[in-house]
């Protein structure tokens with residue numbers, strides 16, 4: 001066994017070269033993912049992580065020997081933690097899995113059933129050709145009937161049944177793997193979220209460096225169902241933006257296609273806040289809370305919080321956790337039965353944020369699969385995936401908006417996939433770049449048939465870690481601002497943020513803490529018409545460099561200033577228009593014969609020309625939406641026009 005001594009337990013992490021992740025199965029797909037990476041930045045971060053981890057490892061060995069620290073502790077009956085490093089104050093950090101010993105499946109709770117064959121969306125998304133990473137304390141039972149033939153080993157992780165403690169850890173890993181990719185073979189009710197995906201398994205030692213390497217090689221999503229033990233944690237760690245938080249932000253900022261999904265932890269016994277630690281306070285990670293299963297969502301009251309899921313927020317008052325998922329009585333693969341210790345293909349119902357987190361990771365893998373199917377194998381940025389998750393989430397909790405318990409709500413796959421499918425029609429998904437000092441605007445038409453939701457997410461640079469308890473210093477580096485304003489209104493709609501008093505719910509105000517800006521305009525406040533989305537930034541962007549961000553909008557009737565035709569040889573301006581619309585013909589159709597016809601939304605002709613005119617007078621038309629058809633050489637381009 002590799003971890004018989006403390007030295008072996010830690011040293012192996014520095015001498016082993018892991019396997020290469022053949023990410024997303026084909027060289028062509030991998031090339032498209034990795035083409036978006038900055039190799040120099042990845043190399044810089046790799047060197048920084050390696051230097052930090054080697055120094056920390058050496059210091060851990062010195063202090064463990066000097067102070068007699070055990071490498072394994074039983075921090076409460078039947079629960080074991082492993083010495084994994086020290087803080088910058090030379091305090092030991094022990095880590096453990098986030099299981100919680102003590103008719104709505106995970107797929108139904110996340111609405112993944114709508115994505116499968118026979119589902120309401122007419123799809124067949126089961127993770128075909130996709131790869132997910134899994135970091136655990138120990139390795140899973142790769143021969144389990146739910147997993148056999150679909151797990152490769154990324155480092156020196158291995159299944160172990162040498163002790164009850166080791167078996168518990170490997171049982172945890174097997175259960176998590178089953179939730180991620182369980183095939184349904186032998187027990188259809190234990191089918192995972194992505195039952196045809198493959199999985200690369202790692203142990204948690206030097207997880208940040210391994211994740212960087214895997215992400216550079218094309219890994220898009222990984223799951224991490226473990227973390228620091230509260231009972232042995234240094235006093236400053238709960239809520240703090242620690243060195244571990246900093247390292248994970250370094251990784252995800254260096255590889256913007258990669259998303260780590262992390263369990264929130266199971267340390268709550270009542271309604272106490274400020275329990276998140278380590279990787280769970282990273283800005284760019286998706287941190288998952290555990291709730292009861294939801295058979296049929298109708299209102300926030302349908303989402304019941306578990307009695308163990310750790311609450312946020314962070315010490316700098318960021319919204320964490322990020323999302324909620326079923327984490328109670330999750331049925332999945334397990335290596336032993338209820339009787340005896342025979343190793344085999346058994347099953348177990350388990351609670352824990354460890355069980356909720358892979359439900360989210362596997363779900364997000366399906367969203368990436370669908371997006372890639374529609375976009376010639378090009379994946380979403382991690383910020384786009386997170387923005388889509390937040391924009392499509394169902395409300396949960398006692399008050400509107402996000403909170404420190406449920407995050408942004410209950411994950412909703414059906415709405416997320418519909419948002420992807422309707423991109424450019426009733427929704428928008430854009431990946432944009434904000435230059436220093438720049439303002440980006442999008443004008444959309446909203447009819448008020450549902451809530452308008454505008455979500456912007458960006459992968460923020462790593463902040464400065466702290467060792468101070470309850471340090472309120474803001475860790476956001478690039479502070480983007482989003483405002484939504486209806487044409488003619490004096491004041492814009494503002495994004496959500498946590499209020500001063502958590503018990504009173506979230507507030508709509510300037511948010512200078514989160515790398516998420518989410519603006520909700522309730523249906524009952526919408527006046528149909530043109531709304532402008534404005535994205536700017538405060539102060540300076542780090543290094544005076546551009547910041548990539550992702551925009552997801554739902555409830556759009558139309559986006560102005562964007563051509564709706566596949567030909568796009570014609571442009572029109574201004575749009576919206578008051579008096580005259582100018583028509584600019586592309587060079588390829590100058591001198592061509594054609595006609596111009598304008599319709600109202602009832603299909604009535606309001607303007608008609610038997611030639612390709614360059615102006616249309618709309619001064620006498622009523623305010624509203626119109627369709628302008630420009631026909632040339634047998635083609636017709638349609639432009640949606642708003643007349644003020």
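The values are calculated or read from the model by the stated rules, or taken from the named source; none is laboratory data. Quick caveat, the model's predicted, so the values are computed rather than measured. Here the Cβ positions follow ideal geometry from the backbone for every residue, glycine too, while neighbour counts run over all protein chains shown.
Residue-wise test of (1) over 15 Å from residue 497 (Cα atoms); (2) modelled with pLDDT under 95; (3) surrounded by 16 or more Cβ atoms within 10 Å (Cβ to Cβ); (4) assigned by TED's automatic domain parsing to the domain that holds residue 476.
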site	(1), (2), (3), (4)
509	no, no, no, yes
514	no, no, yes, yes
528	yes, yes, no, yes
536	yes, no, no, yes
542	yes, no, no, yes
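Can you confirm whether residue 366 is part of a helix (DSSP H, G or I) and closer than 30 Å to residue 241 by Cβ? Against the criterion (part of a helix (DSSP H, G or I) and closer than 30 Å to residue 241 by Cβ), residue 366 does not qualify. Evaluating residue 370 against the criteria (1) surrounded by fewer than 21 Cβ atoms within 10 Å (Cβ to Cβ); (2) over 19 Å from residue 197 (Cβ atoms); (3) under 16 Å from the mean Cα position of the chain (by Cα) leaves one unmet condition, (2). Restricting 393, 361, 333 to those that are under 11 Å from the mean Cα position of the chain (by Cα) and in the same structural domain as residue 133 (by TED's automatic domain parsing) reduces the list to 361.
When each of 199, 220 is tested for being modelled with pLDDT of 95 or more, touching a helix residue (DSSP H, G or I) at 6+ places or on another chain (Cβ under 7 Å) and either closer than 30 Å to residue 475 by Cα or not assigned by TED's automatic domain parsing to the domain that holds residue 110 (or both), the lone residue that passes is 220. I need the full set of residues from segment 245-266 which are assigned to a loop (DSSP other than H, G, I, E, B) and touching a strand residue (DSSP E or B) at 6+ places or on another chain (Cβ under 9 Å), in order please. Those that are assigned to a loop (DSSP other than H, G, I, E, B) and touching a strand residue (DSSP E or B) at 6+ places or on another chain (Cβ under 9 Å): 256, 258, 264, 265, 266.
Candidates 141, 123, 83: the one that is touching a helix residue (DSSP H, G or I) at 6+ places or on another chain (Cβ under 7 Å) and not in a loop (DSSP other than H, G, I, E, B) is 83.
Yes/no per residue for (1) in contact with a helix residue (DSSP H, G or I) (Cβ under 8 Å, 6 or more places away or on another chain); (2) buried (at least 23 other Cβ atoms within 10 Å of the Cβ); (3) in the same structural domain as residue 227 (by TED's automatic domain parsing):
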{"position": "113", "(1), (2), (3)": "yes, no, yes"}
{"position": "128", "(1), (2), (3)": "yes, no, yes"}
{"position": "133", "(1), (2), (3)": "yes, yes, yes"}
{"position": "146", "(1), (2), (3)": "yes, yes, yes"}
{"position": "153", "(1), (2), (3)": "no, no, yes"}
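Can you tell me which of 325, 355, 350 is farther than 29 Å from residue 419 by Cβ and either surrounded by 21 or more Cβ atoms within 10 Å (Cβ to Cβ) or in contact with a helix residue (DSSP H, G or I) (Cβ under 7 Å, 6 or more places away or on another chain) (or both)? Only one candidate passes the filter, namely 350. Residue 173 falls short on exactly one of the conditions (1) surrounded by 24 or more Cβ atoms within 10 Å (Cβ to Cβ); (2) over 23 Å from the mean Cα position of the chain (by Cα); (3) assigned to a helix (DSSP H, G or I), and that condition is (2). Filtered by the rule that a residue be closer than 17 Å to residue 485 by Cα and not in a loop (DSSP other than H, G, I, E, B), segment 432-475 gives 440, 441, 442, 443, 444, 445, 446, 452, 453, 454, 455, 456. Against the test of being closer than 20 Å to residue 550 by Cα, within 18 Å of the chain's Cα centre (by Cα) and part of a helix (DSSP H, G or I), the options 429, 417 yield a single qualifying residue, 417. Restricting 59, 44 to residues that are surrounded by 12 or more Cβ atoms within 10 Å (Cβ to Cβ), part of a helix (DSSP H, G or I) and in contact with a strand residue (DSSP E or B) (Cβ under 8 Å, 6 or more places away or on another chain) narrows the list to 59.
Can you give me the number of residues within segment 360-417 that are touching a strand residue (DSSP E or B) at 6+ places or on another chain (Cβ under 8 Å) and on the phi > 0 side of the Ramachandran plot? Number satisfying all stated conditions: 4.
Can you find even one residue in segment 273-287 that is on the phi > 0 side of the Ramachandran plot and surrounded by fewer than 24 Cβ atoms within 10 Å (Cβ to Cβ)? Yes. Test residue 312 against the stated conditions and say whether it is at pLDDT 95 or above, on the phi > 0 side of the Ramachandran plot and either surrounded by fewer than 22 Cβ atoms within 10 Å (Cβ to Cβ) or outside any helix (DSSP H, G or I) (or both). So residue 312 does not fit the description; no.
Assess whether residue 453 counts as being touching a strand residue (DSSP E or B) at 6+ places or on another chain (Cβ under 7 Å) and at pLDDT below 95. The answer is no for residue 453.
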